[in-house]
Amino acid sequence: MTEMDLVVRDVQPVAHDVVALILADPAGAELPAWAPGAHIDLVLGADLVRQYSLCGRTGQPDAWRVAVLREPHGRGGSQAVHALSAGATVRVRGPRNHFPVEAATRYVFVAGGIGITPLLAMIYELAAAGADWELHYGGRSRASMAFLDELARFGSRVRLWPADEVGLIDLDAALGEARPGTHVYTCGPDPLLAAVEQRCIAGWPPGSLHLERFSPKQVERPDEDQALEVELRRTGRILAVRADQSIFDAVRGAGVSVLGSCLEGICGTCETQVLAGEVDHRDSVLDDEERAANDCMMICVSRGRSERLVLDL
């Protein structure tokens, strides 16, 4: 994964308590290419790393854009971002993409609040390609909804749902009838994702729904985890992972370099190739097909169904 120091070229307010950062190479070099759905990590301190969606347009290699909602009761990441000003330097990792746009005949986007960020990049790309799409975008109020000026150019394809004016998004109207060849992309708070997921599971073909979470989804766990053995194939180490210890912590504790960020199974930073053994997937990143392949895992939360795992580390 690419890691670099970028300069904050500009800080732009785009909604109440939401700022957009424009990041660029200090020497003016081109930044790595990316595709809609991609994230980057902002390294804001020794133990403060946060992931944000790239929300600009692809094909503009001189700068990246992210937008961040200030969360006064969060863990400090958004506050650190809002404290940045033009000219500041920030360490950046990425991009990586666990939320790519798949080929479809039509797209329905459902965004809640700051969840518009990954979807905005998708919309720009699909609109340029002449694709058929629509967006349902909800928020507490218009003032809290980012990028309304940019979305206005797309006319009737965009339906806004400021809750203080019209209530919540009418998901029955947006998703009540499955349409062949249509894919649904959604990002936002957990209640919105749960409601979208419920409707798509009930009536849409498998594989139609694509979602990205802000917080980990609930997964079934055993009453008590078991200790396991992990072989690190490249380094030749065999580690004993305690029942109360994550594989990530065990690997780090053994002095082996491995990247991590959210440590909740939602960002994908710690994704690791699995060479042998059966994985107990507990992340919120991989889909059912990727889990069934059993060839990678998020070592911050997932464990082994087998007593031994062999990892490409």
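Go through the range 159-174 and count every residue that is in a loop (DSSP other than H, G, I, E, B) and either small (Gly, Ala, Ser) or in contact with a strand residue (DSSP E or B) (Cβ under 7 Å, 6 or more places away or on another chain) (or both).
Initial filter on the range 159-174 (in a loop (DSSP other than H, G, I, E, B)): 167-170.
Of the ones still in play, those that are also either small (Gly, Ala, Ser) or in contact with a strand residue (DSSP E or B) (Cβ under 7 Å, 6 or more places away or on another chain) (or both) are 167-169.
Number satisfying all stated conditions: 3.
If ARG65 meets every condition in (1) in contact (Cβ under 8 Å) with a residue 60 or more places away in the chain; (2) over 27 Å from LEU171 (Cβ atoms); (3) in a strand (DSSP E or B) apart from one, which number is that one?
Looking at each condition in turn, ARG65 falls short on (1).
Quick check on my filter: what residues within the range 116-148 are buried (at least 24 other Cβ atoms within 10 Å of the Cβ), in contact with a helix residue (DSSP H, G or I) (Cβ under 9 Å, 6 or more places away or on another chain) and either farther than 16 Å from LEU171 by Cα or among the basic types (Lys, Arg) (or both)?
Within the range 116-148, ILE116, LEU120, ILE123, MET145, ALA146 meet the criteria.
Among the residues of the range 25-40 satisfying the criterion of being among the hydrophobic types (A, V, I, L, M, F, W, C) and surrounded by fewer than 18 Cβ atoms within 10 Å (Cβ to Cβ), which is nearest to GLY112 (Cα to Cα)? Walk me through how you get there before you give the answer.
From the range 25-40, those among the hydrophobic types (A, V, I, L, M, F, W, C) are 27, 29, 31, 33-35, 38, 40; that's our starting set.
Narrowing further to those that are surrounded by fewer than 18 Cβ atoms within 10 Å (Cβ to Cβ): 27, 29, 33, 35.
Working: ALA27: 36, ALA29: 34, ALA33: 27, ALA35: 21 Å.
Ranking the candidates gives ALA35 first.
For the range 16-72, enumerate the residues that are in contact with a strand residue (DSSP E or B) (Cβ under 7 Å, 6 or more places away or on another chain) and hydroxyl-bearing (Ser, Thr, Tyr).
Residues of the range 16-72 in contact with a strand residue (DSSP E or B) (Cβ under 7 Å, 6 or more places away or on another chain): 17-26, 31-32, 34, 38-44, 49-56, 62-69.
TYR52, SER53 - these are the residues of the range 16-72 that are in contact with a strand residue (DSSP E or B) (Cβ under 7 Å, 6 or more places away or on another chain) and hydroxyl-bearing (Ser, Thr, Tyr).
Under 7 Å between Cβ atoms, which residue pairs at least 6 apart in sequence (or on different chains) link something in the range 7-28 that is outside any loop (DSSP other than H, G, I, E, B) with a partner that is among the aromatic types (Phe, Trp, Tyr)?
Filtered contacts from the range 7-28: VAL14/PHE147; LEU23/TRP64.
Quick one: count up the residues across the range 234-260 that are in a loop (DSSP other than H, G, I, E, B), in contact (Cβ under 8 Å) with a residue 40 or more places away in the chain and among the hydrophobic types (A, V, I, L, M, F, W, C). Give the steps one after another, and end with the answer.
Taking the range 234-260 and keeping what is in a loop (DSSP other than H, G, I, E, B), we get 234-236, 242-246, 254-260.
Subset that is in contact (Cβ under 8 Å) with a residue 40 or more places away in the chain: 234-235, 246, 256, 258-260.
Still in the running and among the hydrophobic types (A, V, I, L, M, F, W, C): 256, 258-259.
Matching residues across the range 234-260 total 3.
Scanning the range 71-108 for residues that are touching an Asp or Glu at 6+ places or on another chain (Cβ under 6 Å) and closer than 26 Å to LEU259 by Cβ, which turns out surrounded by the fewest Cβ atoms within 10 Å (Cβ to Cβ)?
Step by step, filter the range 71-108, then rank; the result is THR89.
Could you please find all residues in the range 194-214 being surrounded by 15 or more Cβ atoms within 10 Å (Cβ to Cβ) and closer than 20 Å to VAL101 by Cβ? Steps first, please.
Taking the range 194-214 and keeping what is surrounded by 15 or more Cβ atoms within 10 Å (Cβ to Cβ), we get 195-197, 199-200, 204, 208-214.
Hits for the range 194-214 are VAL196, GLU197, CYS200, TRP204, SER208, LEU209, HIS210, LEU211, GLU212, ARG213, PHE214.
Select from the range 133-158 the residues that are assigned to a helix (DSSP H, G or I) and either touching a residue at least 60 places away in the same chain (Cβ under 8 Å) or under 15 Å from PRO189 (Cα atoms) (or both) and list them in ascending order. Steps first, please.
Here is the first cut: in the range 133-158, the residues assigned to a helix (DSSP H, G or I) are 142-144, 148-157.
Scanning the range 133-158 gives ALA143, SER144, LEU148.
Name the strands (runs of 3 or more DSSP E) wholly within the range 175-233 that hold at least 3 residues that are within 30 Å of ARG75 (Cβ to Cβ) and under 16 Å from the mean Cα position of the chain (by Cα)?
Working: elements: 182-188, 209-213, 228-232.
Correct list: 182-188, 209-213.
Only the coordinates and a few stated rules stand behind these numbers; no lab work does. Everything quoted here is computed from the prediction, not taken from an experiment. As a convention, Cβ positions derive from the backbone with ideal geometry for all residues, glycine included, and neighbour counts pool all protein chains shown.
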